[in-house]
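Read the structure below first, then the notes.
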Amino acid sequence: MKIKHLCLFSGTGGPRIALNRIDYLDVETIGYSDIDKAAIDFHKLNHPGTKLLGDVTKIDETTLPDFDLLTGGFPCQSFSIAGKREGFAAQDKGNLFFDIIRIAKHKKPKYMLLENVRGLTNHDNGETLNVVIRELKRIGYGVAYKILNSKDYGTPQNRERMWFACKFGGWDFLEFNFPYKEKLNITMQDILEPKKDIKKNYNNFEYFYITDEQYKKTVLESKIRGRNLLRQINNKIAYCLTTGGDKRHLHDGNIIIHNLAPRSGDPKQGGTGHLSRDDGISYCLDTSKTEFIESANIKPRILTPKERFRLMGFKDFEYNIDGLSYTACNNLTGNGWDIDVAEKIFRQIFKNDFL
């Protein structure tokens, strides 16, 4: 089945990687839009030959070739608790959703899959979500939307995202359902690189390890100030990279992930306050470089790029990051799509077309 695809706000090009996993689809990406250097460099490495469309606000929809599927994780900073929650009032990012509307209104692709943070649902007392749905319906699309958590679809991360599955002309009754939750069978231990591999794969492997002085400054002193979070995971499932802890919780089989990110502040100012959990599920991966892990058998260190991509559902053979900096990999993974979730949604979208 031939599918022509337009990838907006492309990042790692996660949608096309997810689509390529579906063997009955023959996918041609007609172009991708991004202005981030890391995203463009990633595409040159992993999707060579695909046309770069640049800034989405400058795309002339009248010159685009026809396509069947539009994807876009329109920028979430305006709606996330990690951002300022300015919503559509944000001049640089909040209004980019309307470029999706502008392009889709003219080109009328059969399907769209859009993604954003959970914070979109309650921003401006729900009015922002209402605007998104109203605009999509206004240009002729039926909209199914739901918050899905990565931990329920194969990736050991507590990453909640709002997904919008859209079909031009509307969905028929029972035509589309979001994928059912499934048992999580992968653990944090499964995604971590052994120390010997870190030494082998990274010339500056010592960069990943936290010194005693850094540990004291970032964890012990911050604990006294009451700013750090504790996230504890058991030996079965990974915690994400927005967490903190102290060495008193270390024992065999437990991994602690530390974080001093802004969202760990006062709940009245958009933070989470002090949290802890021991159910083995990762907190959400973001672009921050303030996270590191430790256990009874692991010296405190930050996650490697390969580990971050694994936490976003990537298989090791599905991407190449040669020459990309650690910061670039942080940004790409923290802002990216969970490939496992996207694949499962695409299978639901296209199953009736295939049949």
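The values are calculated or read from the model by the stated rules, or taken from the named source; none is laboratory data. Bear in mind the structure is a predicted one, so any value in this text is a computation, not a measurement. Ideal geometry is used to build each Cβ from the backbone, glycine not excepted, and the neighbour counts take in all protein chains shown.
Would you check if there is a residue in the range 125-148 being modelled with pLDDT under 95, closer than 21 Å to Asp340 by Cα and surrounded by 15 or more Cβ atoms within 10 Å (Cβ to Cβ)?
no
Starting from residues that are part of a helix (DSSP H, G or I) and among the polar types (S, T, N, Q), keep the ones in the range 292-337 and report whichever is surrounded by the most Cβ atoms within 10 Å (Cβ to Cβ).
Applying the filter and picking the extreme gives Thr333.
Take Thr287 and decide whether it is touching a helix residue (DSSP H, G or I) at 6+ places or on another chain (Cβ under 9 Å) and closer than 22 Å to Glu115 by Cβ. Please lay out each step first, then the result.
Numbers: touching a helix residue (DSSP H, G or I) at 6+ places or on another chain (Cβ under 9 Å): yes; closer than 22 Å to Glu115 by Cβ: yes.
Here the answer is yes, as Thr287 does meet what is asked.
Listed here are the residues, each with its yes/no results for (1) under 20 Å from Thr333 (Cβ atoms); (2) in the same structural domain as Ile100 (by TED's automatic domain parsing).
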position: Tyr111; (1), (2): no, yes
position: Ile133; (1), (2): no, yes
position: Asn149; (1), (2): yes, yes
position: Pro156; (1), (2): yes, yes
position: Phe164; (1), (2): no, yes
position: Phe168; (1), (2): no, yes
position: Ile186; (1), (2): yes, no
position: Lys199; (1), (2): no, no
position: Asn204; (1), (2): yes, no
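On the basis of being within 30 Å of Lys146 (Cα to Cα), modelled with pLDDT of 75 or more and among the aliphatic types (A, V, I, L, M), does Leu184 make the cut?
When the stated conditions are applied, Leu184 passes them.
Considering only residues that are under 12 Å from the mean Cα position of the chain (by Cα) and touching a residue at least 60 places away in the same chain (Cβ under 8 Å), which ones fall in the range 295-328?
Scanning the range 295-328 gives Arg308, Arg310, Leu311, Met312, Gly313, Phe314.
Please go through the range 173-182 and give me each residue that is surrounded by fewer than 14 Cβ atoms within 10 Å (Cβ to Cβ) and in contact with a strand residue (DSSP E or B) (Cβ under 9 Å, 6 or more places away or on another chain), ordered by number.
Across the range 173-182, the qualifying residues are Asn177, Lys181.
Take the range 74-114 and flag every residue that is in a loop (DSSP other than H, G, I, E, B), at pLDDT 90 or above and within 22 Å of Lys146 (Cβ to Cβ).
Once the filter is applied, which keeps residues that are in a loop (DSSP other than H, G, I, E, B), at pLDDT 90 or above and within 22 Å of Lys146 (Cβ to Cβ), the range 74-114 yields Pro109, Lys110.
With the requirement that a residue be touching a residue at least 60 places away in the same chain (Cβ under 8 Å), touching a strand residue (DSSP E or B) at 6+ places or on another chain (Cβ under 7 Å) and closer than 28 Å to Gln189 by Cβ, what does the range 127-164 give you?
Leu148, Asn158, Arg159, Glu160, Arg161
Tally the residues that are among the hydrophobic types (A, V, I, L, M, F, W, C), more than 22 Å from Lys183 (Cβ to Cβ) and in contact with a Gly (Cβ under 7 Å, 6 or more places away or on another chain), restricting the search to the range 305-336.
Here the count works out to 1.
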